[in-house]
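Please read the structure below before turning to the comments.
Throughout, read-outs are computed from the coordinates displayed, never taken from laboratory work. Values in this document were obtained by computation on a predicted structure and should not be read as measured data. So basically every Cβ, Gly included, is an ideal-geometry build from the backbone, and we count neighbours across all protein chains shown.
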Amino acid sequence: MNHLLRPASATIFFCLLSLPACSLFPSPQTGQEPASEENANQPKLVGRIANVSADGSFVIIQSYGPWDVPTNSTLASMGSDDRTANLRVSGEKQRQFAAADVRSGSVEVGDAVYTTLQL
């Protein structure tokens, strides 16, 4: 009778040992990354500079998707030759375009616009 229990206990033992191995295989992608502390402060590309005012004091940003950036939020732009600027969203927007004041730095048409906000 003792020999009847051995195959069942061996099967249970094997199943228990194989459960941790399931975490070695990646799960199917759901389209969203899990929220983590590492991803919280990663810059997210939200648009590009579409136009710069003649005096360089404000820009028009063309958004890459729905514009969910709150008024008075700070954005960063980055262009070629390590050119950067800090922008403050002014609140004016129309369709895929939004205005922002240039707080510091220099911008040119085509520069990428990033945020670290969780949108």
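Working note: Karplus 6.51/-1.76/1.60 with θ = phi - 60° gives region 47-59 the couplings x, 9, 6, 9, 7, 10, 4, 4, 8, x, 8, 8, 10 Hz, where Gly and Pro are set to x. Going by neighbour counts of Cβ atoms within 10 Å, the residues 80, 106, 73 line up, fewest first, as 80, 106, 73.
Taking 25 Å as R0, compute the FRET efficiency from the Cβ-Cβ separation of residue 51 and residue 82 and round it to 0.05. Computed FRET efficiency for residue 51 and residue 82: 0.65. Computed from the Kirkwood radius of its Cα pairs, the Stokes-Einstein diffusion coefficient for region 42-115 at 10 °C and 1.306 mPa s stands at 135 µm²/s.
Close amide H contacts of residue 46 (hydrogens built in the peptide plane, cut-off under 5 Å, sequence separation of 5 or more or a different chain): 113, 114, 115.
The residues 93, 44, when put in order of fewest to most other Cβ atoms within 10 Å, stand as 44, 93.
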